[in-house]
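Trainee: Below is one structure. I have some questions about it.
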Amino acid sequence: MKHGQRILCIWLPDWPLERLAVARGELKGRPALLYDVQPRGGGLRVVAYAPRLAAPLAGASPASVRRPGNQRKTSRSAARRTAGIEPGLPLAEALALHEFFMLRSRQPLELHLEAHDPLADRLALVQLADQCQQFSPTVGLEESPRPDCLLLDVTGLAALLGGEAALAGQVGRALAERGFTAHLAVADTIGAAWAVAHYLPATEGRVLEPDRPVHKADRVDKKKRAEKKNGVEKSHGQFAMLLVPANETQRALAGLPLAALRLPAEMLDLLDELGIECVEQLCRLPRWSLHARFGPQLVRRLDQACGAAEEVIDAQRFAVELAAEWLLEHPTDRRETIETVLWQLLPRVVEPLAGQRKGVLELVCRLECEAGQPWLLPLGLFRATASVKHLFDMLRLRLESIWLDSPVAAVRVAVAAAGWLDLEQQQLFAEETQHASPRHLAGLVDRLTSRLGRQAVLKPVLLADAQPEHACQFVPLAQAASGQQRVKKPARVKGQRSADSQPGRTFDSGERPLRLHSPPMALAVMSVAPEGPPLRFCYEGREEQVARFWGPERIETGWWRTRCVRRDYYRVETGSGRRFWLFRQLHDGRWFLQGTFE
Amino acid sequence: MSEPSLTPTPAEIVQRLTAEVRRIEGLHHSLSGEVLTTGCVALDRLLPSAGLRRGTLVEWLAEGAGSGAALLALIAAREACRQGGMLAVLDSQRSFYPPAAVGLHIDLEKLLIVRPPNRRDDSWALDQLLRSRAIAAVMAWPGDWDEHTFRRLQLAVEAGQGLGLLLRPDSIRREPSWAELRLRVEPLPLGTPPLVAPLPTMPDMPLKQRTGSAPTHSVDGEVLRRGATVPLFEQAVQARRRGRRWRLEIARIRGGPAGGSLEVELDEPSGTLYETRTTDPVHLASRLAARAPGRRSRGA
């Protein structure tokens, strides 16, 4: 341990859900559940659940949230608030509990169900770490496959910001204002800071810091009450913090449970069976015995927490912002002038990247208008490029799509994301008609995306969902290529194979229509029996006689969405040879047109 | 030694006239283009260039929804992408359903779908797709565009050397075209349905139980139409037949005679197209009737 070292650990206990709430504002206030597919046939399990997303629970302090290693010891009040839905619960049970919970609720809300995306969580946490660089030059993520902790080296920084309490309070407030619940702890070692941040209430009252213990949650609540009174209600998170004085690490750790040492679950179970429950008990045992019985990991974690073994923060390396700005002496609305300025600015941001064999993946152009809001022209590229001309052409296409109602006073371009350049060897005898060149494709996608938008240039991905409307997802090609958006993980449903082994079911050429009506179109259909096939139907004002049909193909699915879908599908051929895809809704017998075999 | 005849043979005359027609229609620049199959050997044989040329537009005309013209165009697009390049679909109606393309063995990794946010951008997007070297085939449902737009698209596809497959309503068949080939697609019923008069008392039952046929011909779990009588085995097989038929007619082609037609059938499990070998009794009777005078004359 470095002499005088001080580490600030920020634990975000509700990270996946709060990250989702911040990213998708429309979900705030709704119940949400994240699940994932367990390997080796473990089925769908709950990762996180919130009865109301981004809404602080009434009377709940941040300290009452779950902690790793002691999920079994959830308090009764916490279980009541979350309807007993805990991480690891099978999805089917969780949904049943949620339904029951909603039945008792006065305002039943639609549950947002989504597959957990650990990669998106990690990327967002890296972004948050980037923003925390304003507090410390050394910011890193915890060592974990699914990190939800940030580690800041604050050695020697407290004096600059009025003490450690002020520093931690500043960090906590910044996170709360962004909508995140945070537990902060400052200690001598990474292990101790991590342990105290995760087990705040256990230490509260035992270790008293000289800088006055502060529990900011109440303060935030007061502020929120005041805002509510004034009619301004913002979505704040909460935070709590605790400072462990220098050289008081051992005393702070003594009463903590063993899970605070970041040990694997199997080892915790074994220690629990032996009656060892807290760190203090462990410290009393001889080291050679611990090493012999439990292996090196236990001793290493204990030493790291106590400061006897070295542990360093794996600091994130952030790119320096690349931006260039041009202030116009005389504001103008002439496009030619703005284009000339862009042509001058682009090399300033592209050339430094090209020197590192990097190119632009995302670029933001900001036009500051003399009056009114500035124009933001984001540019997402299919492939990293260092070509000024290509970027200029893309920006010109974007400029064509806007109408400048006020003269532009300043132009600013900034690189939002950069990537490695793909180097291609030039071909001496290149075939002129050669197709499938990545360079040509990148150029095309960039042109289309620049003018039509990302959501207009798509790549289809099949999902293992039996309901036709959900069997295919469209992903923006620019994002799919740059890996910034992962495809939603398909759910594994009854009667279908795992999404990992087969992304979607395939059909023969005539089994699915080329055009799908989503939502399906209601039809007037006549059938000979209540559950029989269609005989006649009316489409576009014309009566069609069914000459032949294939089916029924029964689809029963979607119970985990809003309502179970139960349909009998028929492929029908009319007397003129035209084909349609109809279905009968089993719960009410109504007929719908789902698609046409174009 | 006999001197060569100065009088041209009929075949030479036809060849010379065909070349003249092509010259007049300005086809000389595209004659060197690579020829792609339509996915149906019989249709290829019907076309003067024995297929579809790269760098050209092809129009598929059909009336109403559910005609299957897009399916035929998609098969041609699949063939065009075999040597590399992507398939692009300009889906302005936002209803294109990729699982149907997978059924035709089209790789979704090579499928690009473009959905312009408004109709004004449709022609621009199609122009860009046709002009790109990365795209081997483009499928689109063009709107009511003027001739200048179609001329622009023709130049774009020549520059990109892909294949432009345009799905259009049959009502425009009299209008001038910038496409090299205009095909009319008429869907045909697959055959006589095996259904007979309903018997309301007959319960639903799996086919193999009702026919007692060998398991190899049974359809496990499939239920026949409620109310149908017990079908004969042949009828049951006919009921399970999975295919689709069309009549294709060449409405217009540059450098060749229009009016040729043929009937094709799609084998749905394999996704292949072939010329229909008709076994329709009416057709057979008419064929026999047509041959009868010849036989009588030989016999006489």
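Trainee: Could you give me the ³J(HN,Hα) list for the range B:90-104, computed from phi with Karplus coefficients 6.51, -1.76, 1.60 and θ = phi - 60°, whole Hz, x at Gly and Pro?
Mentor: Values per residue, Gly and Pro as x: 8, 10, 5, 7, 6, 9, 4, 10, x, x, 5, 5, 4, x, 9 Hz.
Trainee: Roughly speaking, what is the stretch gain from A:Leu328 to A:Glu93, that is 0.36 nm per residue apart minus the C-alpha to C-alpha distance, in nm to one decimal?
Mentor: Length gained, A:Leu328 through A:Glu93: 78.3 nm.
Trainee: Still on this structure: Per residue of B:90-97, count partner chain C-beta atoms within 10 Å of its C-beta, then hand back the mean as an integer.
Mentor: 5
Trainee: Next question, about the same structure. Can you put B:Ile172, B:Ile75 in order, fewest other beta carbons within 10 Å first?
Mentor: Fewest-to-most ranking of B:Ile172, B:Ile75: B:Ile172, B:Ile75.
Trainee: What full-extension length gain, to one decimal in nm, is calculated for A:Leu274 and A:Leu535 as 0.36 nm per residue of separation minus the Cα-Cα distance?
Mentor: Residue separation times 0.36 nm, minus the Cα-Cα distance, leaves 86.6 nm.
Trainee: How many nm separate the modelled label positions at A:Thr340 and B:His148, each set 7 Å beyond the Cα in the direction of the Cβ?
Mentor: Taking the two extended label points, one gets 3.0 nm.
Trainee: Here is a further query. Given R₀ = 30 Å, what would the calculated FRET efficiency be for A:Ala246 paired with A:Leu376, taking r from the Cβ atoms and rounding to 0.05? All intermediate terms of the calculation are to be shown ahead of the outcome.
Mentor: On the way: r = 47 Å, r/R0 = 1.56.
For R0 = 30 Å, the calculated efficiency reads 0.05.
Trainee: Separate question: Rank by packing, highest mean first: peptides A:519-532, B:85-98, with packing defined as the count of other Cβ atoms within 10 Å averaged across residues.
Mentor: The most tightly packed comes first, giving B:85-98, A:519-532.
Trainee: Multiplying the sequence separation of A:Arg293 and A:Asp422 by 0.36 nm and subtracting their Cα-Cα distance, what value in nm do you get?
Mentor: 41.3 nm
Trainee: On to the next question. Note down the nm distance, to one decimal, between modelled labels 7 Å out along Cα→Cβ at B:Arg173 and at A:His587.
Mentor: Result for the modelled spin labels: 4.7 nm.
Trainee: Which residues in the range B:50-92 place their backbone N less than 11 Å from a point set 7 Å from the Cα of A:Gln545 along the Cα-to-Cβ direction?
Mentor: In the range B:50-92, the label zone of A:Gln545 (backbone N under 11 Å from the point 7 Å along Cα→Cβ) covers no residue.
Trainee: Sticking with this structure for a sec: For the pair B:Gln15 and A:Cys564, what calculated FRET efficiency results from E = 1/(1 + (r/R0)^6), where r is the Cβ-Cβ distance and R0 = 51 Å, to the nearest 0.05?
Mentor: Calculated value: 0.15.
Trainee: Could you list which residues have their amide H under 5 Å from that of B:Thr38, counting only those 5 or more apart in sequence or on another chain, with H placed in the peptide plane?
Mentor: B:Asp44, B:Leu52
Trainee: B:Ala258 versus B:Val35, label points 7 Å from Cα toward the beta carbon: distance in nm?
Mentor: Once both label points are built, they end up 2.2 nm from each other.
Trainee: Right, here's the next one. Which ³J(HN,Hα) values in Hz, rounded to whole numbers, follow from the phi angles of the range A:173-187 under the Karplus curve 6.51 cos²θ - 1.76 cosθ + 1.60, where θ = phi - 60° and Gly and Pro get x?
Mentor: Rounded to whole hertz, the list is 5, 4, 6, 4, 5, 7, x, 10, 8, 9, 10, 10, 9, 10, 8.
Trainee: Provide the per-residue ³J(HN,Hα) series for the range A:286-298, in order, calculated from phi with Karplus coefficients 6.51, -1.76, 1.60 and θ = phi - 60°, each as a whole number of Hz, with x at glycine and proline positions.
Mentor: x, 4, 4, 5, 4, 5, 5, 8, 10, x, x, 5, 5
Trainee: Related question: Can you list the residues, at least 5 places off or on another chain, whose amide H is less than 5 Å from the amide H of A:Gly558, using H built in the peptide plane?
Mentor: Under 5 Å from the amide H of A:Gly558 lie the amide H atoms of A:Val565, each far enough along the sequence or on another chain.
Trainee: Related question: Calculate the mean, over all residues of peptide B:101-111, of how many other protein chain Cβ atoms lie within 10 angstrom of the residue's Cβ.
Mentor: 4
Trainee: Another question about this same structure. What does the highest-first list of A:270-283, A:152-165 look like by mean Cβ count within 10 Å?
Mentor: Numbers: A:270-283: 14.7, A:152-165: 16.9.
Ranking, from highest mean packing down: A:152-165, A:270-283.
Trainee: How would B:Ser177, A:Ser406, A:Ser509, A:Ser289 line up from fewest to most surrounding beta-carbon atoms within 10 angstrom?
Mentor: Listing B:Ser177, A:Ser406, A:Ser509, A:Ser289 from fewest to most nearby Cβ atoms yields A:Ser289, A:Ser406, B:Ser177, A:Ser509.
Trainee: When Cβ neighbours within 10 Å are restricted to other protein chains, what is their mean count per residue of peptide B:131-140?
Mentor: If you average over the peptide's residues, the count of other-chain Cβ atoms is 4.
Trainee: Give me, ordered by chain and number, the residues 5 or more places off A:Phe239 or on other chains with an amide H under 5 Å from its own placed amide H.
Mentor: Sorted by chain and number, the residues that satisfy this are A:Ala182, A:Ala217.
Trainee: Additional query: Straight distance only, please: which aspartates and glutamates reach the Cα of A:Lys389 with their own Cα at less than 14 Å, same-chain residues fewer than 8 apart left out?
Mentor: Reachable aspartates and glutamates: A:Glu339, A:Glu351, A:Asp446.
Trainee: Hey, another quick one. Using a 10 Å cut-off around each Cβ, can you sort B:Asp121, A:Asp588, B:Asp44 from fewest to most neighbouring Cβ atoms?
Mentor: Numbers: B:Asp121 20, A:Asp588 6, B:Asp44 17.
The order, fewest Cβ neighbours first, is A:Asp588, B:Asp44, B:Asp121.
Trainee: If R0 is 60 Å, what FRET efficiency do you get for A:Met526 and A:Ser144 from their C-beta distance, rounded to 0.05? Each step should come with its number before you reach the end.
Mentor: Numbers: r = 62 Å, r/R0 = 1.03.
Plugging the Cβ-Cβ distance into 1/(1 + (r/R0)^6) gives 0.45.
Coordinate-derived values only; no laboratory data. Predicted model, so just to flag it, every value in this text is computed and none were measured. Glycine gets a Cβ as well: all are built from the backbone with ideal geometry, and neighbour counts include every protein chain shown.
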